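Step one of this worksheet: look at the structure below.
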Amino acid sequence: MVTLVIKRIGFMIFTMIIVSLILFLLLETELTGDPAARVLGQFSNEEQRELWREQHGYNQPVMVRYVKWLGNFATGDLGESIRFKGPVADVMLPRLWNTAILGFWTFAIMIPLSLTLGVLSGMREGSMLDRSISVFGILTTSVPEFASAVFFSALFVFGLKWLPGTSSMSGGFEFRQLILPVMVLVVYDFGYVARMTRASMAEVMTSQYIRTAVLKGLPYKSVIVKHALRNALIAPFTVIMLQINWLLSGVIVVEFFFAYKGFGALILEASLNNDIALLEACAMVAVFVAVATQTLADIGYTFLNPRIRFS
Amino acid sequence: MSTTATTTQMPSAGYGAALWRALKSFGLLRESWVGMVGAFLVLFWVMVAILAPLIATFDPNSSIQPFAKPGMVAAKGGTFWLGTDHIGRDILSRIVWGSRTVLIYAPLATISAYTVGILMGLLAGYRRGWVDDVLSRLADIILSFPVLVLYIIIIATIGASGINIIIAITFASSPGIMRIVRGLVLDLRNRDYVAAAQTRGESDWKVMLVEILPNARGPLIVDACLRLGYVIITIGVLGFLGLGLPPPDPDWGGMVNETRQMAMAFPHMTLFPCIAISSLILGFNLLADGLREISLRD
């Protein structure tokens with residue numbers, strides 16, 4: 001167990017270093033075009049670009065720059081955002097908080113919903129209910145987030161006039177504005193988790209100990225609740241943790257669509273405005289969140305599953 | 001010398017039989033109504049894309065009459081069945097021509113990702129050792145990126161164009177394909193026919209491509225169907241975020257991006273492209289589900 005944790009955390013650090021190297025090579029070196037031209041715009045002249053390079057230390061060797069950059073990053077100096085004219089950390093933190101709120105509500109609704117549907121359909125594999133749930137899941141995961149955002153807006157904003165069409169929270173936090181973004185994310189994501197839960201549940205249902213319990217004459221309900229669920233819910237735990245990675249992608253689309261001031265919209269804004277320092281910081285945070293949840297998922301899975309823990 | 005003659009002849013007979021089997025397994029689709037609906041949706045859009053010049057009633061890029069509602073008759077003759085957008089382009093014609101865009105770029109990107117992913121997966125699974133370690137670690141690292149963040153960074157640095165979208169999709173999805181292929185190869189590499197080919201003295205690449213790969217096709221076909229749907233979502237999302245194909249050529253995601261500010265007053269501008277893209281993706285996903293159901297049966 002301890003060696004596994006150390007191994008996983010070691011790999012996490014290794015991944016972050018490689019990712020930082022990839023980001024640095026892509027965004028800060030001449031590999032993909034002149035960074036000075038990218039920051040100053042295509043209409044800047046060579047003199048301005050040279051001056052900028054001199055000021056920002058771009059004339060030093062690549063390796064020296066990378067080590068310095070990584071050092072700054074590790075000590076919390078994320079640089080200045082060109083677009084928002086301020087330290088990157090000050091721009092990023094409130095946005096991260098907003099996205100955390102959005103993510104919290106999405107998970108709070110998606111997890112119970114998808115686990116229930118998955119267990120219901122995995123309980124009796126091949127039944128009418130099972131087929132209906134699985135086709136419904138395919139239907140919802142086939143609609144891209146921007147399309148379901150359009151459909152829901154057409155229905156709830158323009159048609160029924162129940163909900164606001166944007167979520168900019170300009171007049172302070174309002175829960176009503178959060179409903180549509182959360183709905184879009186839940187609808188796109190729950191199908192996959194439900195499907196994985198179904199597979200896990202279906203596998204458990206065919207196992208020997210469930211058959212024993214049924215043949216012993218236990219009521220069906222207690223077989224499901226006391227015996228099957230415990231083992232069937234181990235695999236979905238990993239799947240749900242890994243959904244955080246997917247959520248980060250979905251969040252970009254949804255926040256852009258509903259003008260929600262979150263982290264996803266910030267990444268997009270940074271890239272469309274060539275705000276390199278901000279883009280690097282956002283990407284590092286996004287990858288860190290993704291890798292950290294993967295690590296937690298791995299460790300958690302081992303911890304929850306005694307068959308692995310003790311072997 | 002004689003061995004080369006026989007082996008060059010073998011694959012052609014093999015491909016004929018494989019093609020026949022593939023057709024037969026598509027015939028089996030009629031046993032799964034889900035798969036049938038999927039196949040119908042995909043075929044519908046393929047036909048629309050092929051017959052685009054016949055179906056589209058207007059030029060997709062010319063500005064005719066802005067803000068026309070669906071069903072309105074054009075001043076110079078013809079009907080805007082689905083209305084026009086803010087600069088007066090006929091939406092039906094743009095959706096019809098847009099189906100070409102998506103049905104050209106999505107398969108190209110998928111094929112490109114599969115080529116890279118299969119080669120990497122074969123190498124990792126067959127050679128094992130350090131090759132496997134390096135490729136697997138690399139795949140882990142690329143897969144640890146939230147996908148859309150990766151796309152945004154790649155497109156932001158190399159620019160938005162058709163080729164660059166294919167490059168970005170290849171880069172982001174080949175590691176996933178590699179993992180699947182690697183797993184299949186690890187299972188297949190110990191089979192007798194592989195050992196037989198090795199004893200015959202076939203080269204590694206020949207064993208991988210002729211002996212192992214064709215036997216791994218089942219799960220790969222299902223995965224390719226799902227992935228095609230996912231690539232269409234990606235192209236749509238990139239278009240929607242303004243990182244897709246450059247205007248003015250019609251692209252479904254881009255159409256939604258350009259007109260979403262007017263959705264309040266003119267919902268038809270955004271609704272119809274969204275229905276188009278959702279139905280095509282649904283087609284591929286249902287088809288994949290039907291194919292998997294059939295492959296599990298026998």
My understanding is that a pair violates if its Cα-Cα distance is over 29 Å; which of A:LYS85/A:LYS261; A:LYS161/B:LYS76; A:LYS161/A:LYS261; A:LYS7/A:LYS68 do that in this structure? A:LYS161/B:LYS76
Between the range B:102-121 and the range A:11-61, what's the alpha-carbon centroid distance in Å? 30
Given the DSSP H assignment, sum -39500 (n - 2.57) over each helix run of at least 4 residues in chain B and divide by its residue total; what's the result at 222 nm in deg cm²/dmol, nearest 500? -24000 deg cm²/dmol
Report the charge-dipole magnitude of chain A in Debye, nearest 20, computed about the Cα centre from +1 at each Lys and Arg Cβ and -1 at each Asp and Glu Cβ. 1840
Take each complete run of DSSP H in chain A, measure how far its Cα atoms stretch along the helix's own axis, and keep only those covering 20 Å or more with mean Kyte-Doolittle hydropathy at least -0.5; list them. A:2-28, A:88-123, A:128-142, A:176-205, A:234-257, A:276-304
For B:LYS24, give me every one of the aspartates and glutamates with a C-alpha distance below 20 angstrom, ignoring sequence neighbours fewer than eight places off in its own chain. B:ASP223, B:ASP289, B:GLU293, B:ASP298
Using Cα springs under 10 Å in a Gaussian network model of chain A, which residue among A:THR197, A:THR140, A:THR15 shows the largest mean-square fluctuation? A:THR15
Starting from the coordinates of the alpha-carbon atoms of the range B:85-131, obtain the Kirkwood hydrodynamic radius over all distinct pairs and give the value in Å to one decimal. 13.6
Through the Karplus equation 6.51 cos²θ - 1.76 cosθ + 1.60, θ set to phi - 60°, convert the phi angles of the range A:223-233 into ³J(HN,Hα) values in whole Hz; use x for Gly and Pro. 4, 5, 5, 7, 9, 6, 4, 3, 7, 6, 8
Taking every eigenvalue of the Cα gyration tensor of the range B:174-283, multiplying by 5 and rooting it, what semi-axes result, largest first, whole Å? 46, 13, 9
Could you give the alpha-carbon Rg of the protein assembly as shown over 2.2 N^0.38 Å, rounded to two decimals? 1.04
Select from B:MET72, B:MET178, B:MET208 the residue whose mean-square fluctuation is largest in a Gaussian network model of chain B (Cα-Cα springs shorter than 10 Å). B:MET72
So, in nm, how far is label B:ASP204 from label B:ALA74 when the simple model puts each one 7 Å beyond its Cα toward the Cβ? 6.0
Counting C-alpha atoms alone, how compact is chain A: give Rg to one decimal and Dmax as a whole number, in angstrom. 24.1, 86
Distance in Å, no decimals, from the C-alpha centre of the range A:91-167 to the one of the range B:231-276 is 21
As an exercise, use a Förster radius of 25 Å and the Cβ-Cβ distance of A:ILE6 and A:THR75 to find the FRET efficiency, rounded to the nearest 0.05. 0.55
With springs only between Cα atoms under 10 Å, which of B:PRO273, B:PRO175, B:PRO214 fluctuates most in a Gaussian network model of chain B? B:PRO214
Heavy atoms only, probe 1.4 Å: what % of the accessible area of the protein assembly as shown goes to carbon and sulfur, would you let me know? 69
Simple label model, 7 Å out from Cα along Cβ direction - A:ASN59 to B:ILE158, nm: 3.2
Principal axis dimensions, largest first and in whole angstrom, of the range B:21-297 by Cα: 76, 46, 27
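The values are calculated or read from the model by the stated rules, or taken from the named source; none is laboratory data. Not measured: the values here are computed from a predicted model. Using ideal geometry, Cβ is built from the backbone for each residue, glycine included, and neighbour counts are taken over all protein chains shown. Just so you know, the surface numbers come from the protein's heavy atoms only, side chains and all, with ligands and any DNA or RNA stripped out. Shrake-Rupley method; radii C 1.70, N 1.55, O 1.52, S 1.80 Å.
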